[in-house]
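Chemist: First the structure, then my questions, so here it is.
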Ligand SMILES: Cc1cc2nc3c(=O)[nH]c(=O)nc-3n(C[C@H](O)[C@H](O)[C@H](O)COP(=O)(O)OP(=O)(O)OC[C@H]3O[C@@H](n4cnc5c(N)ncnc54)[C@H](O)[C@@H]3O)c2cc1C
């Protein structure tokens with residue numbers, strides 16, 4: 001993303017290549033948009049398996065069939081399953097396509113970090129594959145070195161929060177299947193009584209199977225193939241998957257709800273698992289890391305290009321720490337359902353599942369509520385809206401809604417405009433005043449939306465303009481969040497809001 005914004009960077013990566021093992025697979029619609037800004041969406045969509053919903057079973061009875069919000073006019077599916085190593089490869093390839101702005105050094109490890117006084121830069125000690133050490137100095141360091149972050153440790157910082165005891169075995173297996181792509185969950189299935197099992201298809205005939213182990217089981221024993229394979233076989237047999245199969249990866253997982261209190265420490269910024277750890281249930285780990293990247297990239301680019309003071313980066317921390325806390329709250333709820341931490345939670349879950357067999361109203365309690373973008377309603381960057389708006393779906397701090405518009409060359413998704421510059425959405429049915437048309441001189445892209453360009457009415461409705469005669473300006477940040485909105489076509493307050501970013 002930094003490459004797309006014209007910022008050169010050096011990436012120090014300890015591994016010799018892209019990640020291996022069982023890592024993220026479920027990529028949200030929002031993450032697909034963000035990867036689109038980096039130029040990595042096409043390969044992702046072509047390789048991934050898209051899906052829209054799932055089923056949950058209690059013992060051998062289906063108790064939930066959920067659908068995620070989706071409509072045929074959407075640009076991306078609500079979720080795509082794809083191995084994390086593919087995502088890393090596509091993002092790397094996209095960065096290289098931007099004229100080698102990102103210099104990725106595989107097999108190099110960060111061993112030390114020192115910040116110069118007064119924001120004068122960061123010195124980083126790097127160990128090369130042969131063991132020789134050298135020092136790199138940089139204006140800014142983004143620590144995205146994962147859950148065991150060396151940078152976090154070197155700065156003496158600690159994640160805070162809770163860690164759950166319940167443990168899951170994560171198994172990826174290779175097996176052909178004709179089953180539709182869905183999220184599948186079984187509670188107390190006959191194949192593995194007392195356990196909870198999750199299944200997801202992945203590209204390349206791979207299944208991800210997660211199952212909970214008993215509290216009294218030794219995790220080291222639980223991951224031994226002789227203990228894993230019979231459980232997997234029993235489950236595959238129960239659901240009628242009888243093609244030959246073999247294991248690919250086996251590991252153990254327990255949920256953590258941890259975050260740093262601040263993601264900016266001088267010239268060092270934290271992102272992804274280095275900044276926060278959220279449970280895998282609800283798939284908010286990689287997805288929230290990509291949101292960190294989307295939020296940080298444009299702010300860092302503005303600061304590096306001298307368009308904003310470093311203070312802008314404090315808003316990265318405020319917004320993303322808030323998002324992490326929200327994600328943690330959702331993730332904790334899902335974890336407590338998937339792996340009840342004590343007798344009371346177990347009893348409540350059992351009662352819910354029992355009731356859900358016959359009572360449709362209870363079923364929403366089982367809904368896994370997958371990752372979705374977090375609103376920044378209290379962001380310091382928001383500008384109070386002026387005038388009357390029909391709804392709050394595009395209020396300042398909200399993710400800017402999608403809309404399918406009529407473009408000159410056919411239908412076009414509004415979100416394609418985001419990811420690079422500030423965009424002013426101009427809702428107007430008439431000739432634009434010069435002041436609006438010339439916003440581009442201030443580095444703001446102008447997207448005129450006349451009623452004729454909005455044949456489905458999605459844009460006018462979702463951006464809160466009740467009737468097509470109404471006019472208004474909506475300022476969307478490069479990361480696709482609404483910063484402010486004003487009725488009428490006076491650009492003065494909008495330009496004043498942009499000045500605040502300096
Ligand atoms: C079983 C499992 C399933 C998951 N499923 C999902 C899912 O479906 N959806 C989802 O959104 N999330 C999921 N997650 C979470 C997701 O994998 C993580 O949130 C995500 O990988 C975080 O990305 P990251 O880049 O911050 O950290 P990482 O992916 O951990 O990458 C950190 C990188 O830093 C490198 N590094 C570490 N130390 C150093 C050093 N000293 N110097 C240089 N480099 C270093 C590492 O080699 C690594 O490549 C899952 C996690 C697990 C374990």
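Chemist: Within the stretch 159-171, does at least one residue satisfy the condition of being more than 10 Å from the ligand (Cβ to nearest atom), surrounded by 13 or more Cβ atoms within 10 Å (Cβ to Cβ), modelled with pLDDT of 95 or more and over 29 Å from residue 50 (Cα atoms)?
Modeler: Taking every residue of the stretch 159-171 in turn, at least one turns out to be more than 10 Å from the ligand (Cβ to nearest atom), surrounded by 13 or more Cβ atoms within 10 Å (Cβ to Cβ), modelled with pLDDT of 95 or more and over 29 Å from residue 50 (Cα atoms).
Chemist: Restricting to the stretch 1-40, what's the tally of residues that are away from the ligand (no atom under 13 Å from the Cβ) and either over 22 Å from residue 299 (Cβ atoms) or not in a helix (DSSP H, G or I) (or both)?
Modeler: Looking only at that region, the number is 12.
Chemist: In this structure, is residue 313 assigned to a helix (DSSP H, G or I), touching a residue at least 24 places away in the same chain (Cβ under 8 Å) and either more than 19 Å from residue 421 (Cα to Cα) or more than 15 Å from the chain's Cα centre (by Cα) (or both)?
Modeler: yes
Chemist: Moving on. I need the full set of residues from the stretch 119-130 which are within 11 Å of the ligand (Cβ to nearest atom) and in a loop (DSSP other than H, G, I, E, B), in order please.
Modeler: Hits for the stretch 119-130: nothing passes.
Chemist: Filter the stretch 61-86 down to residues that are over 27 Å from residue 365 (Cβ atoms) and within 16 Å of the ligand (Cβ to nearest atom), then give me how many there are.
Modeler: 6
Chemist: Return the residues of the stretch 224-277 that are within 12 Å of the ligand (Cβ to nearest atom) and in a helix (DSSP H, G or I); say none if nothing qualifies.
Modeler: If the condition is that a residue be within 12 Å of the ligand (Cβ to nearest atom) and in a helix (DSSP H, G or I), then 272, 273, 274 are the ones that fit.
Chemist: Okay, next question. Which residue, of 143, 95, 89, 116, is touching a helix residue (DSSP H, G or I) at 6+ places or on another chain (Cβ under 9 Å) and more than 10 Å from the ligand (Cβ to nearest atom)?
Modeler: 89
The values are calculated or read from the model by the stated rules, or taken from the named source; none is laboratory data. No experiment lies behind these values; they were computed from the predicted model shown. For neighbour counting, all protein chains shown are included, and Cβ atoms are generated from backbone atoms with ideal geometry for every residue, glycine included.
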